[in-house]
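Bear in mind these aren't lab numbers, they're just calculated from the coordinates by the rules spelled out. Just so we're clear, the structure is a prediction, and the values are computed from it rather than from any experiment. Every residue, glycine as well, gets a Cβ built from its backbone with ideal geometry; the counts of neighbours run over all protein chains shown.
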Amino acid sequence: MLSVAILAAGKGTRMESSLPKVLHKISGKSLLQRVIDSCVELNPDQIFVITGHKSQEVKESITDKEKIQFVIQDPQLGTGHAIQVLCKKVKKNEGTLLVLNGDVPLIKPETLNKLLNLHDAKNADVSLITNKKKNPYGYGRVFLKGDFIEKIVEEKDCNDLERENPLINAGVYCFNWGHLSEIINNLQSNNNQKEIYLTDTISLLKNSLSLEIEDNGELQGINNRIQLSECEESIQNSIKEKHMLNGVTFINKASCSISEEAEIGKDVIIEANTHIRGNTKINSHCIIGPNTFIENSNVGLHCEISNSTVYDSQIIDHIKIGPYSHIRPNSKISSFSKIGNFVEIKNSQLEEESKVNHLSYIGDSIIGRSTNIGAGTITANFDGQKKHQTKIGKNSSIGANTVFVAPINLGESVTTGAGSVITKDSKDNSLAISRTKQVNIENWERKKS
Ligand code: UD1
Ligand code: CA
């Protein structure tokens with residue numbers, strides 16, 4: 001029987017934040033959610049999340065709450081106290097208890113499995129992950145005696161000699177829960193932080209093992225925003241390396257960010273300062289950026305998007321977008337279309353080969369195939385209370401500066417005169433024009449004052 005306890009009750013004082021530490025995000029996902037996702041992979045029988053500081057906020061942030069049992073630790077008297085509270089709350093303290101710090105977000109399921117295997121094979125009372133760090137500052141130092149761990153001394157309790165020990169406690173422990181529960185209430189708080197340390201259980205248990213591993217960044221604990229940004233960088237580097245090995249070019253890697261869920265096809269070029277967020281798929285042979293933000297969208301083959309923003313939309317194949325276009329949610333731009341300078345599209349469907357090249361707002365619209373929308377065209381889709389639809393049929397030619405007062409429905413091959421305010425529907429093959437005729441007054445002179 002495998003149980004997991006994730007420690008997430010602390011305030012995170014060193015973050016200097018009103019947000020609980022474990023809710024800070026790296027690459028779009030909170031620290032706590034990352035730890036949960038890692039341990040869910042192990043398929044444990046039960047998962048406990050220990051909350052305390054702003055517990056409701058922490059609880060609400062979790063997706064898949066049904067897999068989790070929340071235990072409240074109030075007040076928060078230290079990591080050992082958190083486990084005391086858990087042991088008291090849960091009737092059967094049996095099987096294996098994996099304890100994870102909620103602020104060690106990059107821990108991998110494979111590493112956890114290694115620890116579990118060692119723990120089982122050696123029938124240990126406690127096994128924990130250690131690592132030799134160049135700069136061990138801030139971590140608990142692990143002291144070995146023969147094959148076993150003798151004790152862990154926290155940074156703040158170390159003497160000068162102890163502080164030189166580079167072997168650190170990663171905050172990932174596997175306990176024989178039965179044996180742990182026999183000694184958990186013997187923990188004291190006579191240390192420099194006046195806290196009940198979980199790490200003091202080591203000296204109280206007999207068979208304590210260290211699993212020393214190489215750290216490729218996964219053991220980084222987050223106590224302040226410098227470490228938060230180091231973790232972000234480390235996760236971003238591994239995401240981008242994965243894509244580069246799969247055939248994606250980054251022109252200026254450091255200035256770009258890519259979500260973990262993003263999929264990117266071969267021979268895609270990501271230009272500087274481009275951010276691909278959420279559940280986005282970029283298909284092969286696209287050039288994305290510079291200065292582009294794409295979230296939860298699908299971009300087809302051979303598209304070029306520069307200096308633009310795209311949210312929750314479908315961009316099909318061979319499309320050029322930008323510079324300075326804003327594609328807002330629920331839009332579909334069909335193949336061989338072009339969206340140009342300073343154009344905003346919202347909740348609209350553009351059929352193949354349509355063009356909206358300059359300075360337009362197209363909202364709640366359906367634009368037919370091969371239709372050209374002249375510069376400055378606006379759909380007036382809001383009457384002050386409701387949004388209305390504009391429909392323009394295929395092969396139409398919309399004059400510059402046309403205003404469509406929606407709801408409006410134009411047939412196919414319709415032309416509108418430049419500067420027209422269109423308030424009435426029009427049939428196929430018609431010209432819709434609404435503007436006063438030009439008057440030329442000859443030999444006109446300005447009044448002299
Ligand atoms: C802890 C370890 C240290 C280790 C380091 C690894 C202890 C005493 N020290 O130190 O040996 O090297 O992690 O990153 O455990 N928490 C609670 N309840 C509390 C206090 C803390 O749930 O009463 C939670 C925090 O929300 C956090 C985690 O426990 O997620 C660790 O607490 P933190 O104060 O960050 O411990 P460290 O000083 O980093
Ligand atoms: Ca910590």
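Rounded to the nearest 20 debye, what is the charge dipole size of the range 2-212 about its Cα centre when +1 sits on each Lys and Arg Cβ and -1 on each Asp and Glu Cβ? If you can, show how the numbers build up before the last one.
Details: 27 positive and 26 negative charges, 63 e Å.
Dipole of the range 2-212, to the nearest 20 debye: 300 debye.
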Assuming a viscosity of 0.692 mPa s and a temperature of 37 °C, what translational diffusion coefficient in µm² per second does Stokes-Einstein assign to the chain, Rh being the Kirkwood radius over Cα pairs? 127
Cα-based reach from Lys391 at 19 Å (exclusive), listing aspartates and glutamates while leaving out same-chain residues under 8 positions away: Glu344, Glu351, Glu352, Glu353, Asp364, Asp383, Glu412, Asp425, Asp428
Mind giving me the nanometre distance, one decimal, between the label points for Lys447 and Gln385, set 7 Å out from Cα along Cα→Cβ? 4.3
The rounded separation in angstrom of the Cα centers of the range 423-449 and the range 59-78 is 68
All aspartates and glutamates inside 19 Å of Lys89 as judged from Cα atoms, apart from same-chain residues fewer than 8 positions distant: Asp45, Glu66, Asp74, Glu182
Relative contact order of the chain (C-alpha contacts under 8 Å, at least 6 apart) in percent is 8
The answer for Asn409, listing residues at least 5 apart or on another chain whose modeled amide H is closer than 5 Å to its amide H, is Lys391, Asp425, Ser426
When the dipole is taken about the Cα centre of the chain, and only Lys, Arg (+1) and Asp, Glu (-1) are charged at their Cβ, what size is it in debye, to the nearest 20? 1560
What residues have an amide H closer than 5 Å to that of Ile264, excluding those fewer than 5 places away on the same chain, when H is modeled at 1.01 Å from N in the peptide plane? Ile282
Whole-Hz ³J(HN,Hα) for each residue in the range 426-435, computed from phi via Karplus 6.51 cos²θ - 1.76 cosθ + 1.60 with θ = phi - 60°, x for glycine and proline: what do you get? 9, 7, 4, 6, 9, 10, 10, 9, 8, 7
Quick one: angle between helix 31-40 and the longest Cα principal axis of the chain, in degrees between 0 and 90, rounded to 10, please. 70
³J(HN,Hα) computed for each position of the range 436-448 - Karplus, 6.51 cos²θ - 1.76 cosθ + 1.60, integer Hz, glycine/proline x: 6, 5, 6, 10, 10, 9, 6, 6, 7, 10, 5, 4, 8
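Only counting other Cβ atoms within 10 Å, I'd like Cys158, Cys303 sorted with the fewest neighbours first.
Ranking Cys158, Cys303 by Cβ neighbours within 10 Å, fewest first, gives Cys158, Cys303.
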Counting DSSP beta bridges with both ends in the chain, the antiparallel % (nearest 5): 20
What size of dipole, in debye to the nearest 20, comes out for the range 225-432 about its Cα centre when the only charges are +1 on Lys and Arg C-beta atoms and -1 on Asp and Glu C-beta atoms? 480
Here are some pairs, Lys59/Lys240; Lys29/Lys151; Lys281/Lys320; Lys54/Lys253; Lys108/Lys133; Lys253/Lys281; which of them have Cα atoms lying more than 26 Å apart in this structure? Lys59/Lys240; Lys29/Lys151; Lys54/Lys253
What longest range of the chain stays clear of loop-exposed chymotrypsin sites (Phe, Trp or Tyr not before Pro) (DSSP non-H/G/I/E/B, at most 12 other C-beta within 10 angstrom)? 138-443
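With runs of 4+ DSSP H residues as the only contributors, calculate the mean residue ellipticity of the chain at 222 nm using -39,500 (n - 2.57) per run, divided by the residue total and rounded to the nearest 500. Write down the numbers at each step before the final one.
On the way: 8 runs with 77 residues, N = 449.
Theoretical 222 nm ellipticity from helices: -5000 deg cm²/dmol.
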Positive-end residue, the chain charge dipole about Cα centroid, Cβ charges, pick of Asn296, Ser334, Ser426: Ser426
Distance from the range 136-194 to the range 328-360 (C-alpha centre basis), Å: 60
Could you pull out every residue, at least 5 positions away or on a different chain, whose amide H is within less than 5 Å of the one on Thr415? Hs are placed 1.01 Å off N in the peptide plane, and Pro or chain starts have none. Ser397, Ser430, Leu431, Ala432
Quote to one decimal, in nm, the extra length available between Thr63 and Glu212 on full extension: 0.36 nm per residue of separation minus the C-alpha distance between them. 50.4 nm
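Shape verdict for the range 2-212, please, from the Cα gyration tensor: rounded (a/c under 1.5), prolate (a/b greater than b/c) or oblate.
Because its axes are fairly even, with a/c under 1.5, the range 2-212 counts as rounded.
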Would you give the gap between the C-alpha center of the range 22-45 and the C-alpha center of the range 233-305, rounded to a whole Å? 24
Could you list Ser396, Ser17, Ser38 in order of exposure, starting from the residue whose Cβ has the fewest other Cβ atoms within 10 Å? Ser17, Ser38, Ser396
